[in-house]
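Working notes for the structure below.
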Amino acid sequence: MNIIGKRYWFFGLSLLIIVPGLIALALGGLKPSIDFTGGTMLEILFNSGKAPAPDQVRAALADITVNSTEAKLENMQIQTLGADGIVLRMQQIDQPTITAILAKLDETFNGVTLNMADNVGASVGGEVAQRAAGAVALAAIGIALYVWFAFRKLPNASRYGLAAVASLVHDVLVLIGLEAILGLIVGWEADSLFLTAVLTVIGFSVHDTIVVFDRIRENRVKYRFAPFERVVNHSIVQTLDRSINTTLTVLFTLFALALFGGVTTQHFIIILLVGMASGAYSSIFNAAAILVVWENREWEKWFTFLRRPSKA
């Protein structure tokens, strides 16, 4: 299996996946939730002892107007809280609107109790967004340094760390693009669970990448006179079964959760499902291929081709 020999086909496939997401991102598809923009969170308990379905709550509040205007509640997130409660997240609302929401739910579902009401200002939401971006950047830097240290005895050890980071950047772009596309199509918003999924995928992707890199390290000693490209390809083939089997067990579990886990976790699970598949793909077909491109200095051929004068 000459996987490395077809590396530009795999790079091209990655671009085909990433570019539509970047277009959706440019069109404003990535919609931050109130976790990042600010808003109101209400924790409500139902006296009946059983919380209604989120769709029932949404239908009951469809006619509620916001902050003494004619505007309706938009982009309201509804999550279950145990057996008898729900959490409502929405744009920032005033006390009369909160009272109207409680009155409507009390009338529709035979009694409710407000357990907690919390307003998150826009400045606090912006600070959370900055910290979220910082968390992803810090994770990338930490991974690069760790991989560089782990492979420090190999020539050009820093390349392994940077190739691992390039692989995880691929996965982050895939997830951001997917979230932007779904934001345009179905109105999904990027919330704190989306950030959790991104960080989880980063850890999974790097773990799988290090498995491949570790086999490259072993084979470089074992086949010290073989061409680097052949050693890398052999290492990928040796770890291919393990990578596929590990990924499939995770994907089967996530697929079952996406089908039967309920609407409250569906967004998180779908992002995680696509991210895990992307992480496995980038670890097998992109990360090690970047090492080969770097080792062969193939970018010099690209520049030579681009600078070649055109024939009149």
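The values are calculated or read from the model by the stated rules, or taken from the named source; none is laboratory data. Keep in mind that what you see is a predicted model, and the values were worked out from it rather than measured. Every residue, glycine as well, gets a Cβ built from its backbone with ideal geometry; the counts of neighbours run over all protein chains shown. To get the accessible areas, we keep the full protein, side chains included, count just its heavy atoms, and leave off ligands, DNA and RNA. Shrake-Rupley method; radii C 1.70, N 1.55, O 1.52, S 1.80 Å.
Of all DSSP beta bridges confined to the chain, the antiparallel ones make up roughly 90%.
Of Asn233, Thr80, Thr246, which is farthest towards the positive pole of the chain's charge dipole, taken about the Cα centre with +1 and -1 on the beta-carbons of Lys, Arg and Asp, Glu respectively? Positive-end residue among those listed: Asn233. Sorting the segments 215-226, 38-49 by their residues' average number of neighbouring beta-carbon atoms within 10 angstrom, most packed first, yields 38-49, 215-226.
Using a ≥ b ≥ c from the Cα gyration tensor of the stretch 1-101 (square roots of the eigenvalues), is it rounded, prolate or oblate, where a/c under 1.5 gives rounded and otherwise the larger of a/b and b/c decides, a/b for prolate?
Values: a/c = 4.03, a/b = 2.21, b/c = 1.82.
Since a/c reaches 1.5 and a/b is larger than b/c, the shape of the stretch 1-101 is classed as prolate.
Counting only Cβ charges, +1 for Lys and Arg and -1 for Asp and Glu, the dipole size of the chain around its Cα centre is about 2240 debye.
Given the peptides 240-250, 137-147, arrange them by the average over their residues of other C-beta atoms within 10 Å, most packed first. Mind dumping the intermediate values first?
Working: 240-250: 13.8, 137-147: 15.6.
Answer by packing, highest mean first, reads 137-147, 240-250.
In summary, the helical segments of the chain meeting the span-like criteria, namely a full DSSP H run, a Cα extent along the axis of 18 angstrom or more and a mean Kyte-Doolittle hydropathy of at least -1.0, are 7-26, 95-109, 122-150, 157-186, 192-222, 228-260, 263-282.
Overall, the accessible surface of the chain at a probe of 1.4 angstrom is composed of carbon and sulfur to the extent of 63 percent.
Excluding ligands, DNA and RNA, what is the solvent-accessible area per residue of the chain at a probe of 1.4 Å, expressed in Å²? Present the calculation step by step, with values, prior to reporting the outcome.
Details: 16640 Å² over 312 residues.
Per-residue accessible area for the chain comes out at 53 Å².
Of the residues Leu184, Ser205, Ile98, the one whose Cα sits farthest towards the positive end of the charge dipole of the chain is Ser205 (charges of +1 on Lys and Arg Cβ, -1 on Asp and Glu Cβ, taken about the Cα centre).
Each of the peptides 83-89, 106-112 was scored by the mean count of other Cβ atoms within 10 Å over its residues; in descending order, highest first, they stand as 83-89, 106-112. Under Stokes-Einstein, with the Kirkwood radius over Cα pairs as Rh, the value for the chain at 20 °C and 1.002 mPa s is 96 µm²/s. Of Lys153/Lys222; Lys72/Lys104; Lys6/Lys31, which ones are farther than 25 Å apart at the Cα? From Lys153/Lys222; Lys72/Lys104; Lys6/Lys31, over 25 Å: Lys6/Lys31.
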